[in-house]
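A short write-up of the structure that comes next.
Every read-out reported here was derived from the displayed coordinates using simple, explicitly stated rules and does not represent laboratory data. Just so you know, these numbers come straight off a predicted model, no measurement behind them. Cβ: placed from backbone, ideal geometry, glycine included. Neighbour counts: every protein chain shown.
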Amino acid sequence: MLDDRAARRCAVAHNVSVIGTLGVVLRSKTNHQIENARPLVKQLIAAGMFLDDEFVDRVLASIGE
């Protein structure tokens, strides 16, 4: 799993599906592998991952959080 722009471009060029870190967290929530996504997203942000607050709110709302 990579969250690097160059790696994403390479994967897309080779028709490989791409999912980022946030996508993995959201998929885990929708597949009932985790109870809540918001705490994990907050941990990612605290660890230095840049995510726009408005974007995070929209995405989490889309999964009922």
(message) Defining a contact as two alpha carbons under 8 Å apart and six or more residues distant in sequence, what relative contact order in percent does the chain show?
(response) 26
(message) Test of understanding: ordering S62, S17, S28 by Cβ neighbours within 10 Å, fewest first, what list do you get?
(response) S17, S62, S28
(message) What distance in nm lies between label points placed 7 Å from Cα along the C-beta direction at R58 and Q33?
(response) 2.5
